[in-house]
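*Asks:* Please read through the structure below; I'll follow up with questions.
Every number here is computed from the coordinates shown, using simple stated rules; none is lab data. Note that the structure is a prediction, hence the values are computed from the model and not measured. Quick reminder, even Gly has a Cβ in these numbers, built from the backbone with ideal geometry, and neighbours come from all protein chains shown.
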Amino acid sequence: MSRILVTGAAGFLGSFLCDRLLAEGHEVIGMDNRVSGQTENLDAAFEHDRFSFYEHDVTEFIHVSGELDAVLHLASLASPVFYRDYPIKTLKVGALGTHKTLGLAKEKDATYLFTSTSEVYGDPEVNPQPESYRGNVDPYGPRSCYDESKRYGESLVRAYRDEHDLDVRVARIFNTYGPRMRLDDGRVIPNFMRQALTGEELTIYGDGEQTRSFCYVSDMIDGLVALLESDVQEPVNIGNPDERTINELAEIVLEVTGGESGFTYEELPPQDPQVRWPDITKAREELGWGPDVGLRDGLEQSVEYFEMQLEADI
Ligand code: NAD
Ligand code: UDP
């Protein structure tokens, strides 16, 4: 059994990761300041006496007593809507929060896992994106608070590896979806689900021909655990390489929800990436990992959760 700290534990991925680590018999310490997370996501985790939770802002000094085997840093604002509203908090958690959690991992001699993002590739000029692609990010652009904080975070992780010999992992996560996303998260799948289930038109930004590649949450958690358990110290793309246009996604959401509301086209947010598609050769070869859940299946598995959220909202 290991003793593992998960930051961003009350969020979407963090809470599933806590559940998974607890199911594997580990002791898990969850940490979150609940800026966007919800403690209901941790209801299952709280059932375990091997779970504890601390409400704490990871941009401030972190004190954890006792030993730690791993520090998994997931805390961040992760939705474009949230990071547009809170760019300073976003920069701080990617920069200061990564620094504090790295310092803690160094102090405890723990393995460190950083959840980076496909956004380090910005609006990519190559498609699909391999890890060797260096990206196309505007440092003064509207998404830079997120993109640059994650790029800086990767650099800081690299520095702790080189200067302090810290055992590090870097996951470049591509769009992931599933239960426990907030209805008001603002990312495309919660938006489309909410709209389809309430009979509103689905808001497609731009002409809807931009692409994303959507990974179901259980596949993502398997990938993150495989990375943690590996000895790969270089960044690894984790995502589903099934590239879709947003128009296609909207059609499928209407089909799986039985929605009949149709679509409406709205202005594309500035610098919205035109394509995104992970090259996961490295994850397949070095982690033996690849996704299993197709888009339609994953959406079908998510509908009930979004329906329940809507009922609870009324
Ligand atoms: P999420 O918003 O559901 O969860 C993030 C959690 O971090 C929230 O609970 C929030 O309250 C917490 N948090 C934010 N700032 C904090 C701070 N200063 N101190 C403590 N807690 C703080 O997001 P998610 O989708 O679960 O994403 C988890 C991680 O994965 C993030 O680092 C995100 O950047 C990365 N990621 C996610 C995706 C995706 O599609 N879900 C894609 C790329 C990268
Ligand atoms: N999008 C959309 N309608 C919405 C929300 C998002 O068409 O209601 C588009 C958005 O412009 C982007 C894609 O869906 O092209 C994915 O957006 P999301 O916010 O989920 O995350 P991103 O991949 O941009 O980080």
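*Asks:* Placing unit charges on C-beta atoms (Lys and Arg positive, Asp and Glu negative, everything else neutral), compute the dipole magnitude of the stretch 236-281 about its Cα centre in debye, rounded to 20.
*Replies:* Here the stretch 236-281 has a charge dipole of around 160 debye.
*Asks:* Right, next: Please find the FRET efficiency linking Tyr86 to Glu260, where r is the Cβ-Cβ separation and R0 is fixed at 25 Å, and quote it to the nearest 0.05.
*Replies:* So the FRET efficiency works out to roughly 0.10.
*Asks:* If you place +1 on the Cβ of every Lys and Arg and -1 on the Cβ of every Asp and Glu, how big does the dipole about the Cα centre of the chain come out, in debye to the nearest 20? Can you show the working numbers first?
*Replies:* On the way: 28 positive and 58 negative charges, 185 e Å.
Using only the charged Cβ atoms, the result is roughly 880 debye.
*Asks:* Next question, about the same structure. Of the beta bridges DSSP finds with both residues in the stretch 170-279, what % are antiparallel, to the nearest 5? Can you show the working numbers first?
*Replies:* On the way: 3 of 13 bridges.
In the stretch 170-279, approximately 25 percent of DSSP beta bridges are antiparallel ones.
*Asks:* By count of other Cβ within 10 Å, fewest leading, how are Glu251, Glu40 ordered? Don't skip to the answer; put the middle values down first.
*Replies:* Numbers: Glu251 15, Glu40 11.
Least crowded to most crowded, the residues run Glu40, Glu251.
*Asks:* Same structure, new question: Please report, in debye to the nearest 20, how large the charge dipole of the stretch 264-314 is about its Cα centre when each Lys and Arg carries +1 at its beta carbon and each Asp and Glu carries -1 there. Show your work: numbers first, answer last.
*Replies:* Values: 4 positive and 13 negative charges, 71 e Å.
Dipole of the stretch 264-314, to the nearest 20 debye: 340 debye.
*Asks:* Still on this structure, I have one more. Under a plain spin-label model, where a point goes 7 Å from the Cα along Cα-to-Cβ, how far apart in nm are Ser155 and Glu229?
*Replies:* Distance between label points: 3.5 nm.
*Asks:* Here is a follow-up. List nothing, just return the count: lysine pairs in the chain, 8 or more apart or interchain, with Cα separation under 22 Å.
*Replies:* Taking the Cα cut-off of 22 Å, the pair count is 9.
*Asks:* Once amide H atoms are built 1.01 Å from N in the peptide plane, which residues 5 or more positions from Tyr205, or in another chain, come under 5 Å H to H?
*Replies:* Glu266
*Asks:* Using 0.36 nm times the number of residues separating Glu267 and Arg34, minus their current alpha carbon distance, what extension gain do you get?
*Replies:* 80.8 nm
*Asks:* Still on this structure, I have one more. Please give the contour-minus-distance gain from Tyr140 to Asp49: 0.36 nm per residue of separation, less the Cα-Cα distance, rounded to one decimal in nm. Before the final figure, lay out each step's value.
*Replies:* On the way: separation 91, 0.36 × 91 = 32.76 nm, distance 4.60 nm.
Residue separation times 0.36 nm, minus the Cα-Cα distance, leaves 28.2 nm.
*Asks:* Sort His48, His164, His63 so that the residue with the fewest other Cβ atoms within 10 Å of its own Cβ comes first and the one with the most comes last.
*Replies:* His63, His164, His48
*Asks:* With point charges of +1 on the Cβ of Lys and Arg and -1 on the Cβ of Asp and Glu, referenced to the Cα centre of the chain, which listed residue (Thr203, Phe53, His164) lies farthest in the positive direction of the dipole?
*Replies:* Projecting each Cα onto the dipole axis, the largest value belongs to His164.
*Asks:* Still on this structure, I have one more. Charges on Cβ only, +1 for Lys and Arg, -1 for Asp and Glu, centred on the Cα centroid of the stretch 84-140; of Thr101, Thr115, Gln129, which one is farthest towards the dipole's positive end?
*Replies:* Thr101
*Asks:* Let me have the relative contact order for the chain, percent, based on Cα pairs under 8 Å that are six or more residues apart.
*Replies:* Once normalised by length, the contact order is 17 percent.
*Asks:* Relative to the compact globular guide of 2.2 N^0.38 Å, what is the alpha carbon radius of gyration of the chain, as a ratio? Walk me through the intermediate numbers first.
*Replies:* Values: Rg = 18.6 Å, N = 314, 2.2 N^0.38 = 19.6 Å.
Ratio of Cα Rg to 2.2 N^0.38 Å: 0.95.
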